[in-house]
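The values are calculated or read from the model by the stated rules, or taken from the named source; none is laboratory data. Predicted, not measured: the structure shown is a model, and the values here were computed from it. Positions of Cβ are generated from backbone atoms using ideal geometry, with glycine treated the same way; all protein chains shown enter the neighbour counts. Heavy atoms of the whole protein, side chains included, go into the accessibility calculation; ligands, DNA and RNA do not. Shrake-Rupley method; radii C 1.70, N 1.55, O 1.52, S 1.80 Å.
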Amino acid sequence: MLSYDDFFERLALHDLAKHHAHFAQHITQAMSPTRHGDLEHWYQALADLPDLSQSLDVKDTVAVGCDTIDSATRAHIDVALRALIPWRKGPYEVCGIHIDTEWRSDFKWSRVAPHLSPLEGRKVLDIGCGSGYHCWRMYGAGAAWVVGIDPSPRFVVQHRMISHFAPPSPIDVLPLGIEHLPARLNAFDTVFSMGVLYHRSAPFDHLKELRDTIRPGGELVLETLVIEGHEGEVLVPRDRYAQMRNVWFIPSVKALTFWLEKVGFEAVRCVDLNQTSMEEQRTTEWMPSHSLANFLDPDDHNRTIEGYPAPLRAVMIAKRPEAGKKRRHTA
Ligand SMILES: C[S@@+](CC[C@H](N)C(=O)[O-])C[C@H]1O[C@@H](n2cnc3c(N)ncnc32)[C@H](O)[C@@H]1O
């Protein structure tokens, strides 16, 4: 099992100790080896990693670990990292080994970062953080504490592999979905939900859950698939969308703005619109299955293989009103 002692210490430091038992219960359930057949194997790969001097360099590639190691040690680390394939979000470099992930997640960060209220000293929550790539970028931008949550144990173990080679950092990646967080945390200065909303069948519940994790006056950063269109326009794919099975609601930017205002956010704005490119999402040695090129119509890259508009992503920023301010939402 993984230790979460550092997380629980930080929880107490940040005045959230009353939630200790809640987190402990959900983390234990999520990381039980009975839940995922590969977990024992991944834990072993993690336990077998050599103890080397630690280092961290947060740039577009998040680089950890010293690169002056002998070839046998490098080969050993390479095998351990490859046991966790597919690596989707990155890129990373571990002791000089470049993990060329499916996504160039640095592209997304470069679209998001210029529009954020400064993260310096902030308490940040990244919902659906995957292997935690953006958590490193948030820490690199000065956040005091970054909590990432993701229900996929593979991504949580990937994060542990990267952290193993980095000096202790105030980043906690927890094996939880948003539905496992304590209700009404009202705690985080900035909350990110990137690439999650379209996977939720109840989008208003997701937006309300997001709202309730943020402290009054705090900021939401919502990145999601959108379509071109008017306030009432929303695409609900009949079956798959770009080969993804679990896509529910893809609103227009105007509809999404209205949804955010309806649940009580203010100062809602779209700061970036971007059609996903094959440079940003592609098959690599570290994610050898199909990727964007296989999900688009081969004769028209502006359409998915199912005939829907190709993936267009918006970055929305919104503010949770200050305490005491009249709220327009009811629940
Ligand atoms: C498309 S990826 C986005 C990853 C990252 N946030 C990014 O923008 O690059 C969606 C992530 O959400 C996670 N996820 C799925 N259901 C979730 C839930 N209920 N709560 C939180 N995260 C969830 C998935 O495991 C996956 O890592």
Quick one: in the stretch 19-75, of everything that is of a type in the set (Val, Ile, Thr) and surrounded by 14 or more Cβ atoms within 10 Å (Cβ to Cβ), which residue is farthest from Ile171 (Cα to Cα)?
Ile69
Quick one: Gly307 ticks every box in (1) buried (at least 19 other Cβ atoms within 10 Å of the Cβ); (2) of a type in the set (Gly, Ala, Ser); (3) at positive phi except a single one, so which number is it?
(1)
Identify, please: which residue in the stretch 151-172 is under 22 Å from Leu116 (Cβ atoms) and touching a Ser or Thr at 6+ places or on another chain (Cβ under 8 Å) and is, among those, farthest from the ligand (Cβ to nearest atom)?
Ser169
Restricting attention to the stretch 106-141, and to residues there that are farther than 21 Å from Phe165 by Cβ and among the polar types (S, T, N, Q), which single residue is farthest from the ligand (Cβ to nearest atom)?
Ser117
Pairs with Cβ under 9 Å, 6+ apart, first in the stretch 93-107 and touching a residue at least 12 places away in the same chain (Cβ under 8 Å), second near the ligand (Cβ under 10 Å from one of its atoms) and among the basic types (Lys, Arg):
Thr101/Arg88; Thr101/Lys89; Glu102/Arg88; Glu102/Lys89; Trp103/Arg88; Trp103/Lys89; Ser105/Arg88; Ser105/Lys89
Would you point out which residue out of Val173, Val112, Val124, Val157 is in contact with a helix residue (DSSP H, G or I) (Cβ under 6 Å, 6 or more places away or on another chain), of a type in the set (Val, Ile, Thr) and under 17 Å from Glu223 (Cβ atoms)?
Val124
Scanning the stretch 191-211 for residues that are open to solvent by 20 Å² or more (accessible area, probe 1.4 Å), closer than 14 Å to Gly177 by Cβ and either more than 8 Å from the ligand (Cβ to nearest atom) or in a strand (DSSP E or B) (or both) gives Ser201, Ala202, Asp205, Glu209
Checking Ile97, Ile69 in turn, the sole residue that is of a type outside the set (Lys, Arg), more than 16 Å from the chain's Cα centre (by Cα) and within 27 Å of Met278 (Cβ to Cβ) turns out to be Ile97
Consider the stretch 232-269. How many of its residues are assigned to a helix (DSSP H, G or I) and not basic (Lys, Arg)?
8
Please find, among Val315, Val271, Val253, the residue that is under 23 Å from the mean Cα position of the chain (by Cα), open to solvent by less than 10 Å² (accessible area, probe 1.4 Å) and at pLDDT 95 or above.
Val315
For the stretch 89-109, what are the residues that are open to solvent by 40 Å² or more (accessible area, probe 1.4 Å) and either aromatic (Phe, Trp, Tyr) or touching a helix residue (DSSP H, G or I) at 6+ places or on another chain (Cβ under 6 Å) (or both)?
Lys89, Phe107
